[in-house]
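Worksheet for the structure shown next.
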Amino acid sequence: MTIKNKYDVIVVGGGIAGIAAAIKAARLGASTLLVEQYAFVGGMSTAGMVSPFMKHSVGGVTLVRGVFEDIEMEMRRNKGMIDNGFYASAFRNASYTLLIQSNAELLLNATITGVARTGDRVDSISVQYNAQNYLIEGNVFIDTSGDAQLAFLGDFPWTKGDEKTGLLQALTLFFRMGNIDIQKAIEYVKRHKEEFFDWMEYDFDLSKIISVAGYFSNVKKAIAEKRLSPEVEYIFFTTLPESGEASFNTSNVLGLDGSASEDLTEAEFKGRKQVAEVVDILQKEIPGFKDSILLETAVQVGVRETRRTIGEYSVTGDDIRNAAKFDEAIARGCYGVDIHGQKGEKSVMEDLAEGEYYEIPLGSLLVKDSENLLAAGRCISATREGHGALRIMPTSAATGEACGALAALAINKNKNIRQIHYSLLAKNLKGNI
Ligand SMILES: Cc1cc2nc3c(=O)[nH]c(=O)nc-3n(C[C@H](O)[C@H](O)[C@H](O)COP(=O)(O)OP(=O)(O)OC[C@H]3O[C@@H](n4cnc5c(N)ncnc54)[C@H](O)[C@@H]3O)c2cc1C
């Protein structure tokens, strides 16, 4: 495989947003390169082992289809997904299949280290691979790095954290356990509802994903006895396709910045210590877990929030709450503001009113003061609250897909991304708007 020195569209960051962007741009005929620093694609969906996909349908209408639905179908076909839960390996395989079919090119083990620009236009990126730096030119660039790396390196506008305090959401190292007696576990849960969150549903259907969050007394006691880090607030798991397996979104690492290597290193140790402590509690005290085993921990600690781009429009918490609609909508969502509180900060988890959904405007993809730079997924332009809702995987895929479509249309029409008529873009985003 030879990497060319110029592409129509360059996508930086192979998480779900970048995968969707690259597949869409390539499907629409643009020569497309997706660059990823890890040796595999998926970002938080694989390296972070995040599962399941959050809610993205209202009143029986699925709000995110397109590439996202193709990934889902591919995972189901390979029995790597049930309901909305999936395995990291299934996600990687599905992504590779679809990327290859689309003719997008992929460069793994390659890190973007620089952005060269002339005025408002990005000319090229510096990519480090094979221990050397290469310049790759492009016509349109898409920042799906999660950390707004292109905006940061190219000196385009970005922001980070809470507008007043600068705080970033908590970090979480996911882990997966097997050989759980799920029946026994749920019998206990049903008999001790006071030990669990009041949003939990107790009509457990074993053919679907089961979510359990709480075990408050066990957590409290273990913290008091210094067997568990005081940062852990509850135990939260969702089941996986294989019976007896579950994925745990439980560790809670505070006070660190997920875009700084030093902090990520510290988070790795703190996260792994917390996982060991929680596993010990589960195996010794929690019904259904006596014979369970720790199968794996995620490759890296999960990062919910770092830098976001500042675009022509920033989606706000009120846009989410008020189910805002826009003239130039490029995606839809129905997940509310969800902020995992930092040290000294209260967590926020809001639901939209039944049957409501919001739209995401084109302006949130267009990085301010740039001629040919788009952003999607975790680094889309939004306020901290808006970001708290938009960051989930289905929405990240939808915003990535919209960037891919816009980039390819600009190439096909030989125009600037801002000159593409919205009606043409909309025609290419059917199912997502
Ligand atoms: C703990 C946790 C729990 C979550 N729970 C859920 C949930 O239950 N359901 C849900 O739907 N969502 C959930 N989310 C949110 C969701 O997982 C992420 O927000 C989403 O996956 C982000 O996708 P992305 O493609 O924007 O970014 P990422 O997945 O972060 O991908 C960015 C990619 O860019 C690459 N990259 C970064 N910098 C460079 C560089 N310089 N050069 C090359 N490559 C680079 C990274 O390696 C990575 O692969 C959760 C997130 C976390 C952390």
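The numbers here are math on the coordinates, done by the rules we state, and not lab data. For clarity, every value in this text was computed on a predicted model and none was experimentally measured. Cβ atoms come from the backbone with ideal geometry, glycine included; neighbour counts cover every protein chain shown.
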- Query: Using the Cα atoms as the points, what is the convex hull volume per residue of the chain in Å³?
  - Reply: 134
- Under the Karplus relation with 6.51, -1.76 and 1.60 and θ = phi - 60°, whole-Hz ³J(HN,Hα) for segment 338-346, x at Gly and Pro, equal 9, 10, 7, x, 7, 3, x, 10, 6
- Using modelled amide H (1.01 Å from N, peptide plane; none on Pro or chain starts), what sits under 5 Å from the amide H of residue 315, excluding residues fewer than 5 places away? 382, 383
- How would you order 145-157, 412-424 from highest to lowest mean count of nearby Cβ atoms within 10 Å? 145-157, 412-424
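Counting only other residues whose beta carbon sits under 13 Å from that of residue 366, what net charge do I get with K and R as +1, D and E as -1?
Charge balance near residue 366 sits at -4.
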- Averaging sequence separations of C-alpha pairs under 8 Å and six or more residues apart, then dividing by the length of segment 136-281, give the relative contact order as a whole percent. 26
- Just going by the charge dipole of the chain, with Lys and Arg at +1 and Asp and Glu at -1 on Cβ, which of 243, 11, 182 is farthest out on the positive end? 11
- Note on the structure: Longest principal axis of the chain (C-alpha) makes with the long axis of helix 16-27 (C-alpha) an angle, in degrees to the nearest 10, of 40
- Average projection area in nm² (convex hull over Cα atoms of segment 175-297, one quarter of hull surface): 7.9
- Task: Give the peptides 329-342, 381-394 in descending order of average Cβ contacts within 10 Å, highest first.
- Result: 381-394, 329-342
- Task: Add +1 for every Lys or Arg and -1 for every Asp or Glu among the other residues with Cβ under 12 Å from the Cβ of residue 426, and state the total.
- Result: -1
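Could you work out the local net charge near residue 31, counting Lys and Arg as +1, Asp and Glu as -1, over the other residues with Cβ closer than 14 Å to its Cβ?
Neighbourhood net charge equals +1.
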- lysines with Cα under 29 Å of residue 430, excluding same-chain neighbours fewer than 8 positions away: 24, 55, 79, 208, 325, 368, 413, 415
- Message: Show me the ranking of peptides 166-177, 80-91 by mean Cβ neighbours inside 10 Å, starting with the highest.
- Response: 166-177, 80-91
- Item | 3J(HN,Hα) from dihedral phi, segment 177-189, Karplus parametrisation 6.51/-1.76/1.60, rounded to Hz, x for glycine, proline | 10, x, 6, 8, 8, 5, 4, 5, 4, 6, 4, 4, 4
- Tell me, what is the percent relative contact order of the chain, built from C-alpha pairs under 8 Å that lie six or more residues apart? 24
- Message: Taking a ≥ b ≥ c as the square roots of the Cα gyration tensor eigenvalues, with a/c under 1.5 meaning rounded and otherwise prolate when a/b beats b/c, else oblate, which class fits segment 210-264?
- Response: oblate
- Rounded to the nearest 10, the angle in degrees between the Cα long axis of helix 88-102 and the longest principal axis of the Cα atoms of the chain comes to 20
- Query: Which far-off residues, 5 or more places away or on another chain, put their amide H under 5 Å from the one on residue 122, with H placed in the peptide plane?
  - Reply: 371, 372
- Message: Can you give me the angle between helix 261-285 and the longest principal axis of the chain, using Cα atoms only, in degrees from 0 to 90, rounded to the nearest 10?
- Response: 30
- Message: Using +1 at the C-beta of Lys and Arg and -1 at the C-beta of Asp and Glu, which of 275, 298, 215 has the Cα lying farthest in the positive direction of the dipole of segment 207-336?
- Response: 215
- Message: In whole Hz and in residue order, list the ³J(HN,Hα) couplings for segment 209-218 that follow from phi through the Karplus curve 6.51 cos²θ - 1.76 cosθ + 1.60, θ = phi - 60°; x for Gly and Pro.
- Response: 6, 10, 10, 10, 9, x, 6, 4, 5, 4
- Viscosity 1.306 mPa s, temperature 10 °C, Stokes-Einstein D of segment 103-216 from Kirkwood C-alpha radius, µm²/s: 82
- Message: Please compute the Kirkwood hydrodynamic radius of segment 296-384 from all pairs of different C-alpha atoms, in Å with one decimal.
- Response: 14.5
